[in-house]
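The values are calculated or read from the model by the stated rules, or taken from the named source; none is laboratory data. Quick caveat: nothing in here was measured; it's all calculated off a predicted structure. Here Cβ is always computed from backbone atoms with ideal geometry, including for glycine, and neighbour counts include all displayed protein chains.
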Amino acid sequence: MNAPSLESQQRERIPTTVCASADEACTQLAAEIAELIHRNEQAGRNTVLGLATGSTPVRLYRELIRLHRETGLSFKRVITFNLDEYYGLPRTHPESYWRFMHEQLFSHLDIPAENVNVPDGSVARSDVFAWCRSYEERIRAAGGLDLQILGIGRTGHIGFNEPGSTRESRTRLVTLDGLTRRDAARDFLGEANVPRHAITMGVGTILDARSIVLLAWGEAKAAIIAQAVEQPPTEALPASFLQGHPRARFLIDRAAASALTRVRYPWLVGSIEWTAPRVRQSVVWLSQHVKKPVLKLLDEDYSEHGMADLLTERGPAYGLNIDVFNELQHTITGWPGGKPNADDSHRPERASPHPKRVVVFSPEPSHAVLGMGGTLRRLVDQGHDVTVICQTSGSLALPDEEALLAVDLVGELSGAFELSGGPAAGFAADVGRQLRAKAAFAGDTPEIRRLKGLVRRCEERAALAACGLGRERVRFADLAFYERGRYRQFRPDATDAAAVVAILRELRPHQIFATGDRDDPSSITAVCFDLIRRACAELQDEAWFAACRVWLYRGVETAWDAAEIDMAVPFSPRELEQKTQAIFHHQSQRSQTPVAAGLREPWQQAEQHNRGLASVYDALGLANYEAIEAFQRWRPASA
Ligand code: GLP
């Protein structure tokens, strides 16, 4: 665990502990909860817990279940109050928080049913006000919350207290923010199905808890965490109100901590050792902060922005600027697989061997094209032996209507060729019946999932063909953890790990491209990356693996910081257009409810990222390209 320096504690307005992983954080917190329950029990008291939903607390709940099963931790004297519930959903709805809590926690514990309290989303509108008051009353009658567990939404909401919620707010009916509804769209199979309202404990209700722990994992939460921790409290960011609480703290993983000043700009909050990556990071920051290209930074710019000691150690600015400029310049290459027969001493990738065997992992079909479609085409054009491995089938992300389209096509085909008795036609007809009989939001049968996975396969083949890869260059691993899992409930096991090891051992790549290293650990991308990480650890001692480089690419949700990039592959406007055309083949993945304002479609996000990075390079004083895809080198041994 990483302890903040005194200076960063001054900047951080709430105690924040950064753990190596979400698992480490959850093990620690579950042990604290067990201790609290034991202490209260010995004093003859109940323990009153405030609980949250979402992906974030799932690991904590798994650990509590483990403690219950393996150490006999009893929840008989525990009373729980959940933060919130979607309004308009009955308890039985697959997406109701009541159901979520029972599936993820309560059904696995010995907690008495009458001790469980979840806001009731089915209360009549006219009774909501009275119901909310009675919820508050019940919390008081139980003796108040001993401990409130929180996650955080990307709007900075806690519970469903969206921006604009006051510090004094109490349990009430609220309207959900657009971003919150978009984030829930995957669970509800489309944004249009996400309820518009919810019942939530208020900020004031939460602040009445005797202690509060907010959890956050993954890079997608980094920006909002940094604001909540370091900016003055404001209604625009409800989580920032936790700053005023005497016993509130944040427990986060490294990726969620990555935008904190102590991590991103450590030289601003204490003296640091000026390693090469730190120098690059700080000079890039300075250039962006004072809005000057790197080569135009002056001694004064350094000394006026807390970097005087860097100047003393490495100055003057002139030489320092040139060193960093050259480093950045050397990240740029049109040869992502290495340039054959060229001096590679300043290139990101080795010249030989050429061609290279390249394995590109795509957690779901579409991820690789979105994250590195331009680079894929380059690798193929430059003669490398590229194989794309789709780790999961992606069936969970295919809307029913798209599956029905496929069923219809098979029906038409078999009609046209009088094949209606054939097994494929029979299968499709079966799936069609199952789809039509399916209750709204119910999970898919294995047959439906199979067909959905096949639709995504076809889209992926078409998309990769547009990047120059023939169908023999695409493999579908259909990892079992995904096929038997649901969102938030993936449990990879030894079979999944062995499948990834087997692929790598067979293909013996010189280059691996992967993504998901900084994502929420319950996400598909993070689970898929973890399997690659484990495979690399297992293969480490094999001779071929020593000559293999692993490159990380980013999804469309988060962008690289320019200082972290080890390889930047630039594209012409024409090449960017080709990438966009390739993405179009993943037509089932288009946004379900496009709105006029803002970038919503995956291809728009990808374009924005690639163009944005080109502008960042331009502003640093490097060449002005149309678009850039970027990669970071990952060293398995040091991970
Ligand atoms: C929902 C819940 C919040 C939760 C947030 C983040 O909006 N009402 O309590 O903190 O989502 O969800 P996740 O943990 O899935 O990122």
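Scanning the range 210-237 for residues that are in contact with a Ser or Thr (Cβ under 8 Å, 6 or more places away or on another chain), within 11 Å of the ligand (Cβ to nearest atom) and outside any strand (DSSP E or B) yields 217, 218, 220, 224.
So which of 199, 272 is farther than 24 Å from residue 26 by Cα, aliphatic (A, V, I, L, M) and surrounded by fewer than 18 Cβ atoms within 10 Å (Cβ to Cβ)? Quick ask: steps written out before the conclusion?
Numbers: 199 fails: surrounded by fewer than 18 Cβ atoms within 10 Å (Cβ to Cβ).
After ruling out the rest, the residue left standing is 272.
Looking at the range 150-170, is at least one residue without any contact (Cβ under 8 Å) to a residue 24 or more places away in the chain, more than 10 Å from the ligand (Cβ to nearest atom) and farther than 28 Å from residue 396 by Cβ? Looking through the range 150-170, none of the residues is without any contact (Cβ under 8 Å) to a residue 24 or more places away in the chain, more than 10 Å from the ligand (Cβ to nearest atom) and farther than 28 Å from residue 396 by Cβ. So, residue 199, is that one within 16 Å of the ligand (Cβ to nearest atom), in a helix (DSSP H, G or I), of a type in the set (Val, Ile, Thr) and at pLDDT 95 or above or not? For residue 199, the condition - within 16 Å of the ligand (Cβ to nearest atom), in a helix (DSSP H, G or I), of a type in the set (Val, Ile, Thr) and at pLDDT 95 or above - is not met. Where helices (runs of 4 or more DSSP H) sit wholly within the range 283-341, those with at least 1 residues that are within 30 Å of residue 373 (Cα to Cα) occupy 317-329. Of the residues making up the range 421-442, just one is part of a loop (DSSP other than H, G, I, E, B), of a type in the set (Gly, Ala, Ser) and surrounded by 14 or more Cβ atoms within 10 Å (Cβ to Cβ), namely 422.
Condition check: within 24 Å of residue 608 (Cα to Cα) and of a type in the set (A, V, I, L, M). Does residue 307 satisfy that? I'd like the intermediate steps shown before the answer.
On the way: within 24 Å of residue 608 (Cα to Cα): no; of a type in the set (A, V, I, L, M): yes.
No, not satisfied.
Looking only at the range 183-196, count every residue that is part of a helix (DSSP H, G or I), among the charged types (D, E, K, R) and within 11 Å of the ligand (Cβ to nearest atom) and tell me the total.
From the range 183-196, those part of a helix (DSSP H, G or I) are 183-184, 191-193; that's our starting set.
Checking which are among the charged types (D, E, K, R) leaves us with 183, 191.
So of that shortlist, the ones also within 11 Å of the ligand (Cβ to nearest atom) come out as 183.
So the count comes out to 1.
Somewhere in the range 258-265, is a residue away from the ligand (no atom under 16 Å from the Cβ), buried (at least 23 other Cβ atoms within 10 Å of the Cβ), at pLDDT 95 or above and not in a strand (DSSP E or B)? Yes - at least one qualifying residue is present in the range 258-265.
Let's see how each residue does on (1) touching a residue at least 24 places away in the same chain (Cβ under 8 Å); (2) within 29 Å of residue 217 (Cα to Cα):
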residue: 455; (1), (2): yes, no
residue: 461; (1), (2): no, no
residue: 472; (1), (2): no, no
residue: 478; (1), (2): yes, yes
residue: 493; (1), (2): no, yes
residue: 497; (1), (2): yes, yes
residue: 507; (1), (2): yes, no
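At least 1 residues being surrounded by fewer than 19 Cβ atoms within 10 Å (Cβ to Cβ) is the threshold, and among the strands (runs of 3 or more DSSP E) wholly inside the range 79-181 those reaching it are 172-175. Of all positions in the range 73-96, at least one carries a residue that is touching a residue at least 40 places away in the same chain (Cβ under 8 Å), touching a Phe, Trp or Tyr at 6+ places or on another chain (Cβ under 6 Å) and away from the ligand (no atom under 13 Å from the Cβ).
Matching residues to (1) in contact with a helix residue (DSSP H, G or I) (Cβ under 6 Å, 6 or more places away or on another chain); (2) assigned by TED's automatic domain parsing to the domain that holds residue 326; (3) among the hydrophobic types (A, V, I, L, M, F, W, C); (4) modelled with pLDDT of 95 or more:
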{"residue": "238", "(1), (2), (3), (4)": "yes, no, no, yes"}
{"residue": "241", "(1), (2), (3), (4)": "yes, no, yes, yes"}
{"residue": "250", "(1), (2), (3), (4)": "no, no, yes, yes"}
{"residue": "255", "(1), (2), (3), (4)": "yes, no, yes, yes"}
{"residue": "273", "(1), (2), (3), (4)": "no, yes, no, no"}
{"residue": "277", "(1), (2), (3), (4)": "no, yes, no, no"}
{"residue": "282", "(1), (2), (3), (4)": "yes, yes, no, yes"}
{"residue": "285", "(1), (2), (3), (4)": "no, yes, yes, yes"}
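When residue 103 is tested against (1) in contact with an Asp or Glu (Cβ under 8 Å, 6 or more places away or on another chain); (2) farther than 22 Å from residue 35 by Cα; (3) within 16 Å of the ligand (Cβ to nearest atom), exactly one condition is not met: (1).
Does residue 348 satisfy the criteria of being buried (at least 19 other Cβ atoms within 10 Å of the Cβ) and in contact (Cβ under 8 Å) with a residue 40 or more places away in the chain?
On the way: buried (at least 19 other Cβ atoms within 10 Å of the Cβ): yes; in contact (Cβ under 8 Å) with a residue 40 or more places away in the chain: yes.
In short, yes.
Do you know which residues across the range 297-339 are crowded, with 19+ Cβ neighbours inside 10 Å, in contact with a helix residue (DSSP H, G or I) (Cβ under 8 Å, 6 or more places away or on another chain) and β-branched (Val, Ile, Thr)? Result: 324, 332. Restricting attention to the range 111-122, the residues being touching a Leu at 6+ places or on another chain (Cβ under 9 Å), farther than 19 Å from residue 149 by Cβ and away from the ligand (no atom under 14 Å from the Cβ) number 1. Restricting the first member to the range 306-321 and to residues that are closer than 15 Å to residue 290 by Cβ, and the second to residues that are among the basic types (Lys, Arg) and modelled with pLDDT of 90 or more, the beta-carbon pairs closer than 8 Å and six or more apart or on different chains are 320/314; 321/296.
Pairs linking a residue in the range 559-576 that is hydrophobic (A, V, I, L, M, F, W, C) to a residue that is assigned to a helix (DSSP H, G or I) and crowded, with 23+ Cβ neighbours inside 10 Å, with Cβ atoms under 6 Å and 6 or more positions apart or on different chains, are 559/609; 569/375; 571/374. Within the range 443-456, is even one residue of a type outside the set (Lys, Arg), in contact with a Gly (Cβ under 8 Å, 6 or more places away or on another chain) and more than 18 Å from residue 190 (Cβ to Cβ)? For the range 443-456, residues of a type outside the set (Lys, Arg), in contact with a Gly (Cβ under 8 Å, 6 or more places away or on another chain) and more than 18 Å from residue 190 (Cβ to Cβ): present.
From 408, 385, 400, 444, grab the single residue that is farther than 30 Å from residue 572 by Cβ and without any contact (Cβ under 8 Å) to a residue 40 or more places away in the chain. Spell out how you get there, then give the answer.
Numbers: 385 fails: farther than 30 Å from residue 572 by Cβ; 400 fails: without any contact (Cβ under 8 Å) to a residue 40 or more places away in the chain; 444 fails: without any contact (Cβ under 8 Å) to a residue 40 or more places away in the chain.
Exactly one of 408, 385, 400, 444 is farther than 30 Å from residue 572 by Cβ and without any contact (Cβ under 8 Å) to a residue 40 or more places away in the chain, namely 408.
For the range 44-70, the set of residues classified as touching a strand residue (DSSP E or B) at 6+ places or on another chain (Cβ under 8 Å) and assigned to a loop (DSSP other than H, G, I, E, B) consists of 46, 52, 53, 56, 57, listed by residue number.
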